[in-house]
Amino acid sequence: MDEPEFESFYRATADRLRAYLYRVGGERRIVDDLLQEAYFRFLRSKFAGGGEEDRVRYLFRIATNLLKDHWAAAKRSPEPPVERPHAGTAETRLDLHAALGALKPADREMLWLAYAEGCSHAEIAEILEVKRASVRVLLFRARARLSALLQGEKT
Amino acid sequence: MNEDELRNLFQRSRNEERWPEPLPDPAALWRRARAADLLAKELRRRERAASPLLTARRLAGWAALVAAELAALAGFSEIPKPALDALVNAGVSPWTVALLTLAALPAATLVYRMRREA
């Protein structure tokens, strides 16, 4: 990958990765550091896998591992995303933001990849390094927990 | 909430996210990764360059130890008979003394190296 190719890849993926790091990590102040570290490791890895989507999955896998390292280093569970988004947007977004904050990190990762990124079960398994067969069950449970939280907020 | 509603909710959330700060500069990231690559390459080159020297030092160390052991054995064979008789009378086998001497040399070398590296 040369510099112009990297820049194009970066422009196409950085916003998506930033949103993932923020919604799963829950701390805005760490997002840009982790984002830069994820791209740095991606470049150093000389990843030569298939096409654009393979690269994106690999990048998200690096980001997921960085989040785990961050939590392990801090020796605490991740803080829920209590910060409010900056721009005034749809009310549903605030509901989702708060509901995600009440979920476990593993649920957040799975839900975000499935519904925001549109990843298949196989892709989620690859990014999160879990068994493909267990994604279906884990995702079902995470979805049920999120639905309960969203329904609870509306009532 | 069904699958489509969830997908819609998440994707709207993702697409509507607004950040006060601009994205970090990709050129700076590229330069940082390139600098790290060059540094790693240089370190590997230096390690490779130093490798024959380290091997030679290790071999020289082994050769010196073997020579010292042989010298000790040669010295032991030169011990006068009355001295050997005295050892036997004291209840110590000459072979035991020889083996202890041979074992003492590598042990002393090891202790010396450990102390130097500490």
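Where helices (runs of 4 or more DSSP H) sit wholly within segment B:25-118, those with at least 2 residues that are basic (Lys, Arg) occupy B:26-77, B:94-117. Of the residues in segment A:76-97, not one is touching a Lys or Arg at 6+ places or on another chain (Cβ under 7 Å) and modelled with pLDDT of 90 or more. Scanning segment A:18-37 for residues that are part of a helix (DSSP H, G or I) and more than 10 Å from chain B (Cβ to nearest Cβ) gives A:Leu21, A:Val24, A:Gly25, A:Arg29, A:Ile30, A:Leu34. Exactly one residue among B:Ala35, B:Ala28, B:Ala74, B:Ala64 is farther than 30 Å from A:Leu100 by Cα, more than 8 Å from chain A (Cβ to nearest Cβ), touching a Ser or Thr at 6+ places or on another chain (Cβ under 9 Å) and without any contact (Cβ under 8 Å) to a residue 60 or more places away in the chain, and that residue is B:Ala64.
For every residue, the table says whether it meets (1) under 15 Å from the mean Cα position of the chain (by Cα); (2) at pLDDT 90 or above.
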position	(1), (2)
A:Ser8	no, yes
A:Glu27	yes, no
A:Ile30	yes, no
A:Leu34	yes, yes
A:Lys46	no, no
A:Val56	yes, yes
A:Leu66	yes, yes
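Somewhere in segment A:127-147, is a residue of a type in the set (Ser, Thr, Tyr), part of a loop (DSSP other than H, G, I, E, B), surrounded by fewer than 20 Cβ atoms within 10 Å (Cβ to Cβ) and modelled with pLDDT under 90? No - not one qualifying residue is present in segment A:127-147.
Residues of segment B:1-25 that are more than 9 Å from every other protein chain (Cβ to nearest Cβ) and within 40 Å of the chain's Cα centre (by Cα): B:Asp25 alone. For segment A:108-119, filtering for residues that are away from chain B (no Cβ under 11 Å) and either of a type in the set (A, V, I, L, M) or more than 25 Å from B:Glu16 (Cα to Cα) (or both) leaves 1.
Within segment B:1-20, the set of residues being surrounded by 10 or more Cβ atoms within 10 Å (Cβ to Cβ), part of a loop (DSSP other than H, G, I, E, B) and either of a type outside the set (Phe, Trp, Tyr) or in contact with a Ser or Thr (Cβ under 9 Å, 6 or more places away or on another chain) (or both) comprises B:Met1, B:Glu17. A count restricted to segment A:120-155 and to residues that are under 28 Å from A:Arg55 (Cβ atoms) and either of a type outside the set (Gly, Ala, Ser) or away from chain B (no Cβ under 11 Å) (or both) stands at 20. I'm trying to understand the selection: among the residues of segment A:120-135, which are touching a residue at least 12 places away in the same chain (Cβ under 8 Å) and within 23 Å of B:Ser13 (Cβ to Cβ)? Result: A:His121, A:Glu123, A:Ile124, A:Ile127, A:Leu128, A:Val135.
The values are calculated or read from the model by the stated rules, or taken from the named source; none is laboratory data. Computed from a predicted model, the values in this text were never measured in an experiment. Methodologically, a virtual Cβ is constructed for each residue, glycine included, from the backbone with ideal geometry; neighbour enumeration extends over all protein chains shown.
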